[in-house]
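A quick write-up on the structure given underneath.
The values are calculated or read from the model by the stated rules, or taken from the named source; none is laboratory data. This is a predicted model, so every value here is computed, not measured. A quick note on method: Cβ atoms are made from the backbone with ideal geometry, for glycine too, and the neighbour counts reach across all protein chains shown.
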Amino acid sequence: MSNQQVRVAVVQAAPVLFDKSSALEQMMLWTQEAARQQVRLVVFPEVFVSGYPRGLSFGTRVGSRAADGRKDWHRYWESSIQAPSEDTARLGEIAREASVYLVVGVVERDAEYSSATLYNTVLYFGPDGSLLGKHRKLVPTGSERLLWGQGDGSTLTVVQTPFGRIGGLICWENYMPLARMAMYAKGVDIWIAPTADARDTWQATLRHIACEGRCFVLSSNQFVTKDTYPKDLAYYGDIAEEPDILCRGGSAIVGPLGEYAAPPLFDQEGLLIADLDMSLVAQSRFDFDAVGHYSRPDVFQLRVNEAVQKHVQFEPL
């Protein structure tokens, strides 16, 4: 397959919540299956390592936090990873063994400071196993802000590959018009949109971004059932009366004119595979290019701060 043609895959699955070994084991198995089908790029869902704690309150209400809720959160913290670390070396090994570009959502613990803050992060690995870059979610949505800190502009990452530039945003970041414009300006050809949103409206978002950015869009969501939640969580009762399927999925692959290359998958885990003709990206921009002939820089301009935001600056006396 030439560099104008690339086979890609998105994984729809879920690990045991707060269980890093479960997540890594599933990643290895799904990536190996994709490699057997000659896939060159594999995308995993938002915070696949080590799970999206849908439905859990962590004992929190406005104005108070419960001690047992802190223990549940600490369990989540212990299942997070640092980047780089031995854990990312293992993720890189999975990519290298399969000889694929690998994109995966993780719960990241800051490696630079002694802070306990967690981040909703996407990591990019090359087929040689190298960690090529990361993106931290700029604005966690709603009660997610209890769990994750905010990223900054230094991780608006785009990775150059032989078949085009890959990059994107996480879940509802994709609703941020200026964030999208910043990424379009970086020339994204394959837009990565890992998510936890299984609603029908999410499909409209994916198709809009494909049409607006004139790019392929790969969205990966988890298919989550209650049996992936440890029953010894202090706040397991938060989901006790919920239906067995907590997240129905909806992973999909969309072409640069908004058509499905792989339609959304619901109510089961699975691997969506599509063969992308990368020449369609340039063809689609013939009549619309958001950062080219369809822009008006004399009227509209966007400034993006990509500096690392330092918490503390130490200066010599």
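Every residue in segment 52-73 that is out of contact with any strand residue (DSSP E or B) (no Cβ under 8 Å at 6 or more places or on another chain), touching a residue at least 12 places away in the same chain (Cβ under 8 Å) and assigned to a loop (DSSP other than H, G, I, E, B), please.
Of segment 52-73, the ones out of contact with any strand residue (DSSP E or B) (no Cβ under 8 Å at 6 or more places or on another chain) are 53, 56-57, 60-65, 67-68, 70-73.
So of that shortlist, the ones also touching a residue at least 12 places away in the same chain (Cβ under 8 Å) come out as 53, 56-57, 60, 68, 70-73.
Within segment 52-73, PRO53, LEU56, SER57 meet the criteria.
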- [ ] Please identify the pairs in which a residue from segment 10-30 that is under 29 Å from PHE216 (Cβ atoms) and touching a residue at least 60 places away in the same chain (Cβ under 8 Å) has its Cβ atom under 6 Å from the Cβ atom of a residue that is among the acidic types (Asp, Glu) and surrounded by fewer than 23 Cβ atoms within 10 Å (Cβ to Cβ), counting only partners at least 6 apart or on another chain.
- [x] GLN12/GLU269; ALA13/GLU269
- [ ] Quick one: in segment 190-227, of everything that is surrounded by 19 or more Cβ atoms within 10 Å (Cβ to Cβ) and polar (S, T, N, Q), which residue is farthest from TYR76 (Cα to Cα)?
- [x] THR205
- [ ] Only strands (runs of 3 or more DSSP E) wholly contained in segment 216-289 count here; list those with 1 or more residues that are among the hydrophobic types (A, V, I, L, M, F, W, C), touching a helix residue (DSSP H, G or I) at 6+ places or on another chain (Cβ under 7 Å) and modelled with pLDDT of 95 or more.
- [x] 216-219, 245-247, 249-254, 270-277
Open item on the list: Given (1) among the basic types (Lys, Arg); (2) at pLDDT 95 or above; (3) surrounded by fewer than 20 Cβ atoms within 10 Å (Cβ to Cβ), identify the lone condition not met by LYS20.
Closed with: (3)
Task: Members of segment 122-147 that are free of Cβ contacts under 8 Å to residues at least 40 places away in the same chain and in a strand (DSSP E or B) - done: PHE125, LEU132, GLY133, HIS135, ARG136
Task: Among residues of segment 74-114, those that are assigned to a loop (DSSP other than H, G, I, E, B), small (Gly, Ala, Ser) and under 15 Å from TYR124 (Cα atoms), counted - done: 3
TODO: Would you check which residues across segment 34-51 are surrounded by fewer than 23 Cβ atoms within 10 Å (Cβ to Cβ) and either assigned to a helix (DSSP H, G or I) or acidic (Asp, Glu) (or both) and list them?
DONE: ALA35, ARG36
